[in-house]
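Asks: Handing you this structure, nothing more for now.
The values are calculated or read from the model by the stated rules, or taken from the named source; none is laboratory data. Quick caveat, the model's predicted, so the values are computed rather than measured. All Cβ positions, glycine included, derive from the backbone under ideal geometry; neighbour counts span all protein chains shown. Ligands, DNA and RNA are stripped out before the accessible areas are found, and what is left, the full protein with its side chains, is counted by its heavy atoms. Shrake-Rupley method; radii C 1.70, N 1.55, O 1.52, S 1.80 Å.
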Amino acid sequence: MKALMISSLTGPGALAVQEVPEPVVKAGQTLVRVAAGGLNFADVMTTKGGYPGTPPPPLIAGREFSGIEEPSGRRVMGYAQWAAFAEKTAAYSNMLWPVPDRWSPEQAAAFPVNYFTAYLLYWHAGMTNRAAAGGKYRVLIHAVAGGVGTAAVQIGQLLGVEMYGTSSSDEKLARVKELGLQHGINYKRNDYEDAVKNLTRGEGVDAVFEMLGGEHTAKSLRCLRDFGRVIQYGTATGHAPKLDMRALYAKSASLQGLWLTYLSQKREIMGPAWQQLSEWIGEGKLTPQIGQVFPLDRAKEAYQLLEEGKNYGKVVLKIAG
Ligand SMILES: NC(=O)c1ccc[n+]([C@@H]2O[C@H](COP(=O)([O-])OP(=O)(O)OC[C@H]3O[C@@H](n4cnc5c(N)ncnc54)[C@H](OP(=O)(O)O)[C@@H]3O)[C@@H](O)[C@H]2O)c1
């Protein structure tokens, strides 16, 4: 079968489509004929050896996919840690979810990582109880026009949260506003800390979804109101998060981590998350945002787009059909 191989940890340039043996299905797994793969920032980091938990090369790239489960013929979308960008993948059954009838294979491949992460960000922020939310919470979403960001906007709107979001581009912000983002902040032109202060009349936000790291962790802490939380879930700048202890003390604020790889192993967390997400899907309220679709043999371009931060929503690889 064809697969996208990582042969060395030297970045997306070392990716290549190769013929490899079909996967061996282990206990608890089923075989899936892959239709499409969802590209994540973690995949870019994996090509540079910057993501924990993956085996050394050579390995098959990809952690998210949609396809047809064998032998049931069921349309599924799934989450893995690697080996998803191939014609077939062996997937753990508890990491497979049914694809809604009206969704394309590309939309399904854009669902698991973005929507579970976005939902769990609100859960960590204590905002998933809609009755309690009632429109009184404010959240700052970094990279609001990206994969996780657009999912967070759709979910935030359903929870009645007032959303502030950052992006490098007015064009991207305009598209996210159509999804329900109330306050777009172009960080190339405006300092987001100042913007949040002005827009909230000096009060700040209840939570920041922070995936940049470096100075942005400290800056995000300063965007909080009393008892607020920064949820740290990535370091796209490549720099370790810096703390502003004074901001933590001054507001009785907290900093919390989130890692889907870890949380996905916890049934008691994933079960209720899927129950709520599938209810919203059934009501037609969630629509994965696809920015660009590339065939597998142009995967390097797809990775580059994400690496350079030029994507809108999800970048998807078409693998079959
Ligand atoms: N902890 C977890 O379990 C978990 C799960 C999923 C994702 N994540 C993290 O969440 C973040 C978003 O992931 P994603 O896959 O949805 O990617 P994405 O948001 O679709 O793409 C990354 C976006 O980040 C923005 N950005 C800002 N600074 C950047 C930089 N230095 N380099 C590249 N992009 C930069 C860019 O948007 P603008 O130009 O609009 O700023 C870019 O489009 C990543 O840091 C990822 O590692 C973590």
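Conditions (1) closer than 24 Å to Leu179 by Cβ; (2) in contact with a helix residue (DSSP H, G or I) (Cβ under 6 Å, 6 or more places away or on another chain); (3) small (Gly, Ala, Ser); (4) open to solvent by 70 Å² or more (accessible area, probe 1.4 Å), marked per residue:
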{"site": "Asp226", "(1), (2), (3), (4)": "no, yes, no, yes"}
{"site": "Gly271", "(1), (2), (3), (4)": "no, no, yes, no"}
{"site": "Val293", "(1), (2), (3), (4)": "yes, yes, no, yes"}
{"site": "Leu306", "(1), (2), (3), (4)": "yes, yes, no, no"}
{"site": "Gly309", "(1), (2), (3), (4)": "yes, no, yes, no"}
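Asks: Collect the residues in the stretch 237-262 that are under 23 Å from Met127 (Cβ atoms), within 13 Å of the ligand (Cβ to nearest atom) and either touching a residue at least 40 places away in the same chain (Cβ under 8 Å) or not small (Gly, Ala, Ser) (or both), keeping them in residue-number order.
Replies: Within the stretch 237-262, Pro241, Gln256, Leu258, Trp259, Leu260, Thr261, Tyr262 qualify.
Asks: Considering only residues that are open to solvent by 50 Å² or more (accessible area, probe 1.4 Å) and within 18 Å of Val293 (Cβ to Cβ), which ones fall in the stretch 76-100?
Replies: Glu87, the sole residue that qualifies.
Asks: Just wondering, is there one or more residues in the stretch 101-118 that are open to solvent by less than 40 Å² (accessible area, probe 1.4 Å), more than 30 Å from Lys2 (Cβ to Cβ) and in contact with a helix residue (DSSP H, G or I) (Cβ under 8 Å, 6 or more places away or on another chain)?
Replies: Yes: one or more hits.
Asks: Here is a check on your reading of the model: is Gly73 open to solvent by less than 20 Å² (accessible area, probe 1.4 Å) and on the phi > 0 side of the Ramachandran plot?
Replies: no
Asks: Sticking with this one: Please give the helices (runs of 4 or more DSSP H) falling wholly within the stretch 68-180 in which 1 or more residues are without any contact (Cβ under 8 Å) to a residue 24 or more places away in the chain.
Replies: 130-133, 147-159, 170-177
Asks: Got a number for residues in the stretch 276-321 being among the charged types (D, E, K, R) and assigned to a loop (DSSP other than H, G, I, E, B)?
Replies: Counting residues in the stretch 276-321 that are among the charged types (D, E, K, R) and assigned to a loop (DSSP other than H, G, I, E, B) gives 4.
Asks: Do we find that Thr30 is open to solvent by less than 60 Å² (accessible area, probe 1.4 Å), more than 27 Å from Gly291 (Cβ to Cβ) and either assigned to a strand (DSSP E or B) or touching a residue at least 24 places away in the same chain (Cβ under 8 Å) (or both) in this structure?
Replies: Judged against the criteria, Thr30 is a match.
Asks: So, of the residues in the stretch 202-219 that are in contact with a Phe, Trp or Tyr (Cβ under 8 Å, 6 or more places away or on another chain) and acidic (Asp, Glu), which turns out to be surrounded by the most Cβ atoms within 10 Å (Cβ to Cβ)?
Replies: Result: Glu210.
Asks: Out of (1) within 16 Å of Val315 (Cα to Cα); (2) over 18 Å from the mean Cα position of the chain (by Cα), the odd one out for Ala91 is which?
Replies: Of everything listed in (1) within 16 Å of Val315 (Cα to Cα); (2) over 18 Å from the mean Cα position of the chain (by Cα), Ala91 misses just condition (1).
Asks: Criterion first (assigned to a loop (DSSP other than H, G, I, E, B) and either within 13 Å of the ligand (Cβ to nearest atom) or touching a residue at least 24 places away in the same chain (Cβ under 8 Å) (or both)) does Thr217 satisfy it?
Replies: no
Asks: Next up: Tell me which of these Ala16 doesn't satisfy, since it passes every other one: (1) open to solvent by 20 Å² or more (accessible area, probe 1.4 Å); (2) at pLDDT 95 or above; (3) not in a strand (DSSP E or B).
Replies: Evaluating Ala16 over (1) open to solvent by 20 Å² or more (accessible area, probe 1.4 Å); (2) at pLDDT 95 or above; (3) not in a strand (DSSP E or B) leaves (3) as the failure.
Asks: A follow-up question, please. Has the stretch 300-318 got at least one residue that is more than 22 Å from Ala86 (Cα to Cα) and either more than 13 Å from the ligand (Cβ to nearest atom) or β-branched (Val, Ile, Thr) (or both)?
Replies: Scanning the stretch 300-318, I find no residue that is more than 22 Å from Ala86 (Cα to Cα) and either more than 13 Å from the ligand (Cβ to nearest atom) or β-branched (Val, Ile, Thr) (or both), so the answer is no.
Asks: Something else about it: Is there a residue being over 25 Å from the mean Cα position of the chain (by Cα), open to solvent by less than 50 Å² (accessible area, probe 1.4 Å), at pLDDT 95 or above and under 18 Å from Met163 (Cβ atoms) anywhere in the stretch 228-240?
Replies: no
Asks: What is the residue count in the stretch 155-201 for residues that are open to solvent by 10 Å² or more (accessible area, probe 1.4 Å), touching a Lys or Arg at 6+ places or on another chain (Cβ under 7 Å) and within 15 Å of Leu286 (Cα to Cα)?
Replies: The total comes to 2.
Asks: Further question: Evaluate the stretch 194-201: report whether one residue or more is assigned to a loop (DSSP other than H, G, I, E, B) and either within 16 Å of the ligand (Cβ to nearest atom) or over 16 Å from the mean Cα position of the chain (by Cα) (or both).
Replies: Scanning the stretch 194-201, I find at least one residue that is assigned to a loop (DSSP other than H, G, I, E, B) and either within 16 Å of the ligand (Cβ to nearest atom) or over 16 Å from the mean Cα position of the chain (by Cα) (or both), so the answer is yes.
Asks: Check Ile68 against each of (1) within 16 Å of the ligand (Cβ to nearest atom); (2) in contact with a strand residue (DSSP E or B) (Cβ under 6 Å, 6 or more places away or on another chain); (3) hydrophobic (A, V, I, L, M, F, W, C) and name the one condition it does not meet.
Replies: (1)
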